[in-house]
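Engineer: I have a structure I would like to understand better, so I am pasting it below and will then ask my questions one at a time.
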Amino acid sequence: MDIFTLDVGTGTQDFLLFREKENVRNCPKAIMPSPTRIVAENVRKLAEQGKNILLTGYTMGGGPCSKAIRDALKKVRVYAFEKPALTVNDDLDAVRGEGVEIVSERPDDSGIVEVRMGDVNLEVYSSMLSMFGIDLPETLVVAVQDHGFSPNESNRRFRFRIFERVLKKRPYLDSFLYSRKDIPDFYNRMKAVAESTEDFEMENGVSFNLHVIDTVFPAIAGAMMDVREFPAMIANFGNGHTIFAVVGRDGRIYSMMEHHTAILRKMDIDGLIRDFVSGKLTNDDVFHQGGHGAFIGEIVEVRDFVATGPNSSLSSLRTANPVGDVMVVGNAGMVKLLMGDEFLKLAGV
């Protein structure tokens, strides 16, 4: 089975096309600027040129693009359809309060320039691959960081509370992998990925087997492929967020913590790891430090420690690199979660 994987982060979007008949290290891959940074750059350039902006497309990851939109409001008028407006804030009244003009049709403004928003642009990847004689495969897996729709509550609290609810019910990595029809309603960013995929399918007369997952869990699954002994503590130091997780060989999550990488740069990371694996780190500790939270399900003896992600050098842990490129560890994790141990054999791990 060939699988298209896309890991959408704050800094980059990491693509890997796993082809079953090829050595995984030879499979097509690319590390590109993240969609939120691309949109942010487009918005900044238009604002500097004094051109009014219309945001179209889908709800997507915020961060850089939300900041660029807020900065642009000081120079030009910014219009937005409802779905892209939700990128800025889940509360549309708050978006209006910041100055964005939410519309249901294109404004009568001759100087307006459209900026299309969205986490996934399958047209780009389809076109790129076709230049090398490759078609998009039937199976797609896309990872985005979805805080969930929470207009009346801190999205940091909401996001981790959803994680905790799933972990208490079935504490395994694959519990967070959703087929298109099973995406929870509160995951509006994942829903937007499914919607944009459906639009591509309709426009191109194709059909995909789509799965989506939060970026946290593929990173853990991929790094597990380089663990020597379980239970293991895995740290994923992303550009925006950092995850700690204690996992078993079967993908069981014993404990998990999510923080912001920029905050951890100013902290004693090794000390934080010690507190985490010993169960001393609480949910409130992490939240009040500026992170998302911690879930301590069961304290077990950790027998190996590995790190992954673009900022794995922040800790003293051994870097996991099971497929020869630390930037596609999450992509490998998506394939592993979908194919199971069959992928380990194919990957030679």
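Engineer: Name the single residue that is nearest to Ala143 (Cα to Cα) among those in the stretch 15-35 being in contact with a Lys or Arg (Cβ under 7 Å, 6 or more places away or on another chain) and not aliphatic (A, V, I, L, M).
Structural biologist: Phe15
Engineer: Just need a number here: residues in the stretch 41-67 that are farther than 22 Å from Phe149 by Cβ, out of contact with any Leu (no Cβ under 6 Å at 6 or more places or on another chain) and of a type in the set (A, V, I, L, M, F, W, C). Can you show your working first?
Structural biologist: Step one: filter the stretch 41-67 for residues farther than 22 Å from Phe149 by Cβ, giving 41-54.
Restricting the remaining residues to those that are out of contact with any Leu (no Cβ under 6 Å at 6 or more places or on another chain) gives 41-52, 54.
Next, only the ones that are of a type in the set (A, V, I, L, M, F, W, C) stay: 43, 46-47, 54.
Residues in the stretch 41-67 being farther than 22 Å from Phe149 by Cβ, out of contact with any Leu (no Cβ under 6 Å at 6 or more places or on another chain) and of a type in the set (A, V, I, L, M, F, W, C): 4 in total.
Engineer: Look at the stretch 60-75 and say how many of its residues are out of contact with any strand residue (DSSP E or B) (no Cβ under 8 Å at 6 or more places or on another chain) and among the small types (Gly, Ala, Ser).
Structural biologist: Within the stretch 60-75, the subset out of contact with any strand residue (DSSP E or B) (no Cβ under 8 Å at 6 or more places or on another chain) is 62-64, 66-68, 70-71, 73-75.
Filter once more, so that each one left must be among the small types (Gly, Ala, Ser): 62-63, 66, 68.
Residues flagged as out of contact with any strand residue (DSSP E or B) (no Cβ under 8 Å at 6 or more places or on another chain) and among the small types (Gly, Ala, Ser) within the stretch 60-75 amount to 4.
Engineer: Can I ask one more? Checking Ala262 against (1) surrounded by fewer than 21 Cβ atoms within 10 Å (Cβ to Cβ); (2) of a type outside the set (Phe, Trp, Tyr); (3) over 22 Å from Pro310 (Cβ atoms): exactly one of these is not met. Which one?
Structural biologist: It fails just one condition, (3).
Engineer: Do you know which of the residues in the stretch 169-187 that are touching a residue at least 40 places away in the same chain (Cβ under 8 Å) and over 16 Å from the mean Cα position of the chain (by Cα) is farthest from Val212 (Cα to Cα)?
Structural biologist: Ranking the candidates gives Pro171 first.
Engineer: Filter the stretch 1-25 down to the residues that are surrounded by fewer than 18 Cβ atoms within 10 Å (Cβ to Cβ) and among the polar types (S, T, N, Q) and list them by number.
Structural biologist: Residue satisfying the conditions is Asn23 alone.
Engineer: What pairs come out if I take residues in the stretch 135-155 that are free of Cβ contacts under 8 Å to residues at least 24 places away in the same chain and pair them with residues that are of a type in the set (A, V, I, L, M) whose C-beta lies under 8 Å away, six or more apart or interchain?
Structural biologist: Pairs that qualify, where the first residue is free of Cβ contacts under 8 Å to residues at least 24 places away in the same chain and the partner is of a type in the set (A, V, I, L, M), are Asp135/Leu129.
A short reminder: the numbers here are calculations on the coordinates, not readings from a lab. What you see is a predicted model, and the numbers here were worked out from it, not measured in a lab. Ideal geometry is used to build each Cβ from the backbone, glycine not excepted, and the neighbour counts take in all protein chains shown.
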